[in-house]
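Worksheet: one structure, shown below.
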Amino acid sequence: MNSYGQLFRVTLYGESHQPSIGVVIDGLPAGTPIQYELIKEDLERRKPKHIGSTPRLEADVFHITSGVFNDKATGSPIHVYIENKNVISKDYDALKNHPRPGHADFVSKVKYHGFQDHRGGGRFSGRLTAALVVAGSFAKMALPFQIESQLKQIGTLTDMSKIDEYLTDISNQGDSVGGIVEVTVKKMIIGLGEPFFNKLDAELAKLLFSVPAVKGVEFGLGFSGVDIYGSQFNDVILTKDGQTKTNNSGGLSGGISNGNDLVVKIFVKPTSSIKKTQETYNFEQEGVEKLNVGGRHDVAIVRRVSVVLENMIAIGLLDQYLLYQTYRHLEDE
């Protein structure tokens, strides 16, 4: 549906070309200091301002209409909205019946019987990640952990000092590329997550796969672990606090955080909207025809998605952290 979370709950609304997008945040502990600058900084990090980014630039001024008083969370639901002002809807008129390859145009048309808002990708647009960034910023305010990220690879490039030159070349070809972001959470504690259906890695993966264009998530060594033996993969425990010699499992044991750094790698696919002519089914003509996609799009979405991934992880961590605190409360009794 449109909500996630048990004790920290986030409800997302809006579409790419509607008047606004927004989020309702429920469960932020009363008294949490509201860091307005953190929200601004996170939204700024998401903005397109590098080579290879979309020309669509929104101000992303956020408006808090409830749940905050005297710069503290009141404990009631927090509502935040962001206006969409820089929209050019006519760029998408032809796509209503001529769906773009790689996009949700086709499935949304079939699922919603043609009633979906197709402009700019509508409900499926990466534009909505701005509201998710806001929700994650609020989550960070109540977390004791340190979250950071790093772009590890973009297309075939691993030397990030050459990223501008590389993306200029890809853009000149009329194409796009994906990439890999690594998120690390430090100062972790032991005990977040459950043994089976609410494993910490399962919950975080669910959130990360909810981000448009995310196609792969791995923890610690991930798929690279196929190359080594169990004797090499196992993380030797060195201290009573759970510190390990290696961190191949990415800070998780049995789906529960073990106190070591949480390490997550995320693969973001190449942007589907490209300048190159593509072929795709046309509902009006009832056959495959050539398509030239208009609009404004990133050559590499991954270049500005790191803060989105960080903040989605923050949302999941706060929900699990609040659940963990209920266990601690029961133990104290």
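What to note about this one:
- For S257: the one exception among (1) exposed (fewer than 13 other Cβ atoms within 10 Å of the Cβ); (2) part of a strand (DSSP E or B): (1)
- Checked against the criterion of being surrounded by fewer than 19 Cβ atoms within 10 Å (Cβ to Cβ), of a type outside the set (A, V, I, L, M) and modelled with pLDDT of 95 or more, the candidates P19, P33 yield just one match: P33.
- Positions within the range 182-201 being within 15 Å of Y327 (Cα to Cα) and either in a helix (DSSP H, G or I) or of a type in the set (D, E) (or both), in sequence order: E194
- A residue that is under 18 Å from I180 (Cβ atoms) and basic (K, R) can be found somewhere in the range 200-215.
- Among the criteria (1) in contact (Cβ under 8 Å) with a residue 40 or more places away in the chain; (2) assigned to a loop (DSSP other than H, G, I, E, B); (3) buried (at least 16 other Cβ atoms within 10 Å of the Cβ), the one Q116 does not fulfil is (1).
- Residues in the range 134-166 that are surrounded by fewer than 24 Cβ atoms within 10 Å (Cβ to Cβ) and either touching a Lys or Arg at 6+ places or on another chain (Cβ under 9 Å) or basic (K, R) (or both): K140, P144, F145, Q146, I147, E148, L151, K152, T158, M160, K162, I163.
- Among the residues of the range 219-260, the one identified as touching a Gly at 6+ places or on another chain (Cβ under 8 Å) and of a type in the set (D, E, K, R) is D241.
- Pairs where the first residue, in the range 28-53, is without any contact (Cβ under 8 Å) to a residue 24 or more places away in the chain and within 21 Å of I78 (Cβ to Cβ) and the second is in a helix (DSSP H, G or I) and aliphatic (A, V, I, L, M), C-beta under 9 Å, 6+ apart: E41/V307; E44/V307
- Candidate set from the range 172-222 (those that are of a type in the set (V, I, T), closer than 30 Å to I274 by Cα and within 16 Å of the chain's Cα centre (by Cα)); member that is surrounded by the most Cβ atoms within 10 Å (Cβ to Cβ): V181
The values are calculated or read from the model by the stated rules, or taken from the named source; none is laboratory data. In this text the structure is predicted, and so the values were computed from the model without any measurement. A quick note on method: Cβ atoms are made from the backbone with ideal geometry, for glycine too, and the neighbour counts reach across all protein chains shown.
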